[in-house]
Amino acid sequence: MQIQTIVVPTDFSEYAEHAFTWALGLAADRKAKIVLVHAAQAISYLAFPESVYVPDLQKMEAEMIGDAEKRVAEFAAKQGASTVSIETRVVMGEPVWEICQAATREHADLIVMGSHGRTGLAHVLLGSVAERVVRHAPCPVLVIRLPKPTK
C-alpha cells in the first residue's frame, strides 16, 4: 500500500498531538506528506437569543480563522525539526464534514486522528467525531488513543 498524503485533523488536544506524533512516524517511514487540518465550528445567529447583539459575524469568523491558523502553525512547530513535509489548513464548518472534505481535496491515502475515548452517556450525548469520520471518510482512517497510564 502506497501512502503519499496523510490528513491529520487537530483540535489542539493532547489526543490530537499523540495522533500527530504517530502520523509523523508513518509519514517519515513512507516518505509521505502530512496535511494538518483544523475545522473551526462556524458561528450561527441561531446560537444567540434575540436580545443579544451580535457584531459582524464575518469579522468574528475571520478572526477565528486567523487565530486558528496561528495555533495550527504552533502545533506543527511543536514537533521540532522533521524531514516530513507538513502543510496546514484551517477550514470553517462542521468537523466531520470538513475532515472528510479535506481528505477528498488532498487526495489523502490515510487519515490519522486522535480519539477522546468517551464512553457511556458522554459518548451518546457528544457523539464521536472519530467514529463518524471512520463511517464517512473517502480513505482508511487510523484512530489513535492515548496509552493507558501505568500504575
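The values are calculated or read from the model by the stated rules, or taken from the named source; none is laboratory data. These numbers come from a predicted model, not from an experiment. Backbone-built Cβ (ideal geometry, glycine too); neighbour counts: all protein chains shown. The protein model used for the area step is the full one, side chains on, heavy atoms only, and it has no ligands, DNA or RNA in it. Shrake-Rupley method; radii C 1.70, N 1.55, O 1.52, S 1.80 Å.
Filtered by the rule that a residue be modelled with pLDDT of 90 or more and in contact with a helix residue (DSSP H, G or I) (Cβ under 9 Å, 6 or more places away or on another chain), region 73-86 gives V84, S85, I86.
The lone criterion from (1) at pLDDT below 95; (2) open to solvent by 60 Å² or more (accessible area, probe 1.4 Å); (3) farther than 25 Å from D67 by Cα; (4) out of contact with any Gly (no Cβ under 6 Å at 6 or more places or on another chain) left unmet by R145 is number (4).
For (1) within 19 Å of the chain's Cα centre (by Cα); (2) at pLDDT below 90; (3) open to solvent by 50 Å² or more (accessible area, probe 1.4 Å), each residue gets a yes or a no:
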| residue | (1), (2), (3) |
| --- | --- |
| T5 | yes, no, no |
| L24 | yes, no, no |
| D29 | no, no, yes |
| S51 | no, yes, yes |
| P55 | no, yes, yes |
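Taking the criterion of being more than 10 Å from the chain's Cα centre (by Cα) and open to solvent by 20 Å² or more (accessible area, probe 1.4 Å), the residues of region 92-109 that qualify are M92, E94, W97, Q101, T104, R105, E106, H107, D109.
Of all residue pairs spaced 6 or more apart or on separate chains, none has beta-carbon atoms under 6 Å together with a first member in region 87-99 that is closer than 15 Å to M60 by Cα and a second member that is in a strand (DSSP E or B) and of a type in the set (D, E). Pull up region 92-112, narrow it to residues that are at pLDDT 95 or above and part of a strand (DSSP E or B), then point me to the one that is nearest to K31 (Cα to Cα). This residue is L110.
Of all residues in region 31-49, exactly one satisfies the criterion of being open to solvent by 60 Å² or more (accessible area, probe 1.4 Å) and modelled with pLDDT of 85 or more, namely K31.
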